[in-house]
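Every read-out reported here was derived from the displayed coordinates using simple, explicitly stated rules and does not represent laboratory data. Please read all numbers here as calculations on a predicted model, not as lab measurements. Quick reminder, even Gly has a Cβ in these numbers, built from the backbone with ideal geometry, and neighbours come from all protein chains shown.
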Amino acid sequence: MKQIEVDTLVIGAGLLGSSVAMHLAKLGVKDVRVVDLDLDGSQSSSELNAGGVRATWVQPINIQMSKLSIEFFSTVAMDVGYRPCGYLWLHTEKTYASGLKARERQIEFGWPVENWTPAQLRDKVPFIDKTEDLAGALFAPRDGLLNPNLLKSYYRGQAKKNGAIFDDRIWVSKAKNSQGSWWIDCQEFPPMLSSEERSRLFSNTSGGSVPSSAVQYKAKNVVNCAGPWASQIARVLGYECPSQPVRRQVCIFDCRGVDLTPYGMIVDTSGVYFHPEATNGLAGFANPDEPPGFNFHYDGEEFFMEQVWSKLYERSTYFERLRHITGWAGLYEVSPDETGIVGEVTLGEVGRAGGVFEAHSFSGHGVMHSYSAGLVLAEKIKTGKYQTLDVSILNGDRFAKGALIHETQII
Ligand SMILES: Cc1cc2nc3c(=O)[nH]c(=O)nc-3n(C[C@H](O)[C@H](O)[C@H](O)COP(=O)(O)OP(=O)(O)OC[C@H]3O[C@@H](n4cnc5c(N)ncnc54)[C@H](O)[C@@H]3O)c2cc1C
């Protein structure tokens, strides 16, 4: 059996795993290894998201995490495709007061947010012409969009430049702690693993008849960055994580005469969000009735008509002619308070054994928190302390303690 000894083993090479690896390597940690069943990330959330980044949150920790990330994205804007094209939140009477309260807090943290009347909104965004139900709109010009694939390549490039290694087609299946080290048993699959075989593994069944060879990693530290599969990896490591995968769908539509390109992300009062995607539009809606599970099925035209078009048409007469082009389904990794889990695992035997860390369960906002989460967790792993930002309240023990983070500005 192949055996590889490393300092820190990161499980999952999505945006979170790649960011953690980059920061660890930059901090001078030698022998950082990242393993993933599929480095291309065909079913990873990092591959299937909407690319929005915003600091327009209610909870200070979420504002701070986003601000730290977005300020970084702006320094490498060309490399990661970041555009500060803004988030525009539309509000009815029911949500406006809480939106304004959150705005005060966002401004306190140094995040500018403009408050528009419905008349100003119609003036600035003329295609929004059904505004009778609106009390106002809040526009954050430094929120925006980026290209998640470029961001992942950037993290990985920097990680590799500083010595981190990424191993592809590795499936983590067992782990034990002995004599102060973690022994992680994995299967290494050949290059021809088909997407069906990958799907079987991902949905926690089996690799089928595909031959694989055993590989074992010995590590001082292990980091769970397995996104929607984080609860499975937690179980492999010997602790419980309360997060669940939940399907989320997005579609691409033909705008038919409405030019969305001057605008950024627009969040309608219905919960539908949309933004320009080249010359088309991209829209998503988080169905509150979606059951948890590893469901990647895209409902196609039906999703577009029932969940998106019907709501957008209520906002603009110009949207009557929108046409569905395509779309896809990915997974949100949803924690009980819809906020990310970052920190050292302190629960049960794992906590006593030490050396297990985690960054996952961002519940639909892992792109925007990937930089800051990777940075602070790498600092914690390397020095034992958070340095840039104390994120202790994001520790996974908050659920057992009943110290949930009540974020409400979720889409
Ligand atoms: C439709 C949709 C829209 C979204 N829109 C936004 C947005 O606008 N803005 C935003 O900030 N966020 C958004 N998100 C959320 C964001 O995409 C995720 O929070 C983020 O990508 C999570 O990254 P991750 O690295 O934690 O997980 P992932 O990218 O899923 O990576 C986890 C990796 O772990 C690997 N893995 C799992 N189990 C194993 C195992 N046993 N062995 C080996 N490898 C394993 C997988 O192969 C995978 O590559 C959206 C998500 C979806 C689905």
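Taking the inverse of the average 1/r across all pairs of different Cα atoms in region 253-324, what Kirkwood radius in Å do you get? When all Cα pairs of region 253-324 are included, the Kirkwood radius is 12.9 Å.
In the chain, helical runs assigned H by DSSP with n ≥ 4 each contribute -39500 (n - 2.57); averaged across all residues and rounded to the nearest 500, the mean residue ellipticity at 222 nm is -8500 deg cm²/dmol. Which shape class, rounded, prolate or oblate, goes with region 64-109 when its Cα gyration tensor gives a ≥ b ≥ c as root eigenvalues, a/c under 1.5 marks rounded, and past that a/b bigger than b/c marks prolate? Since a/c reaches 1.5 but b/c is at least a/b, the shape of region 64-109 is classed as oblate. For region 110-244, the relative contact order is 16 percent, taking Cα pairs closer than 8 Å that sit 6 or more residues apart in sequence and dividing their mean separation by the residue count. Given a Förster radius of 30 Å and the C-beta distance between T388 and K30 as r, what FRET efficiency does 1/(1 + (r/R0)^6) yield to the nearest 0.05? The value I calculate is 0.85. With only Cα atoms counted, region 47-206 has Rg and Dmax values of 22.2, 68 Å.
Available extension along the chain between S178 and Q120 is 14.5 nm, counting 0.36 nm per residue and deducting the alpha carbon span.
If the convex hull of the alpha-carbon atoms of region 70-159 is projected onto planes in all directions, what is the mean projected area in square nanometres?
If you wrap the Cα atoms of region 70-159 in a convex hull and average its projections, you get 7.1 nm².
On full extension, the segment bounded by D185 and E93 gains 27.6 nm, given 0.36 nm per residue less the C-alpha separation.
Normalising the average separation of contacting C-alpha pairs (under 8 angstrom, six or more residues apart) by the number of residues puts the relative contact order of the chain at 23 percent. Count Lys and Arg as plus one, Asp and Glu as minus one, and take only other residues whose Cβ is under 9 Å from that of N287; the net charge is then 0. Build a GNM of the chain with springs between Cα atoms under 10 Å apart, and of T92, T56, T388 the one that fluctuates most is T388.
Quick one: divide the alpha-carbon radius of gyration of the chain by 2.2 N^0.38 Å and tell me what you get.
Taking N as the residue count of the chain, the ratio is 0.99.
Within region 146-184, name every residue whose backbone N is under 20 Å away from a label modeled 7 Å from Cα of A214 along the Cβ vector. Taking a point 7 Å out along Cα→Cβ of A214, the residues of region 146-184 whose backbone N falls under 20 Å are 169-179, 181-184.
Placing a pseudo-label 7 Å from each Cα along the Cα-to-Cβ vector at R83 and T326 gives an inter-label distance of 1.9 nm. Neighbours of A214, meaning other residues whose beta-carbon lies under 9 angstrom from its beta-carbon, give a summed charge of -1 when Lys and Arg score +1 and Asp and Glu score -1. Reported value for region 128-244: 234 Å³ per residue, from the convex hull of its C-alpha atoms. Scanning the chain for trypsin sites (Lys or Arg not before Pro) in DSSP loops with at most 15 neighbouring Cβ atoms within 10 Å leaves 257-384 as the longest stretch between them. With 23 Å as the limit on Cα-Cα distance, the pairs of K30/K401; K124/K311; K101/K152 that go past it are K30/K401; K101/K152. Volume per residue of the convex hull around the Cα atoms, evaluated for region 242-399, comes out as 135 Å³. Computed over region 312-392, relative contact order equals 24 percent, with contacts defined as Cα pairs under 8 Å that lie 6+ residues apart.
Taking only Cα atoms and a 10 Å spring cutoff, compute GNM fluctuations for the chain and point out the largest among G327, G257, G300. The residue that fluctuates most here is G257. For region 1-52, a/c is not less than 1.5, where a ≥ b ≥ c are the root eigenvalues of the C-alpha gyration tensor, and a/b does not top b/c. That puts it in the oblate class.
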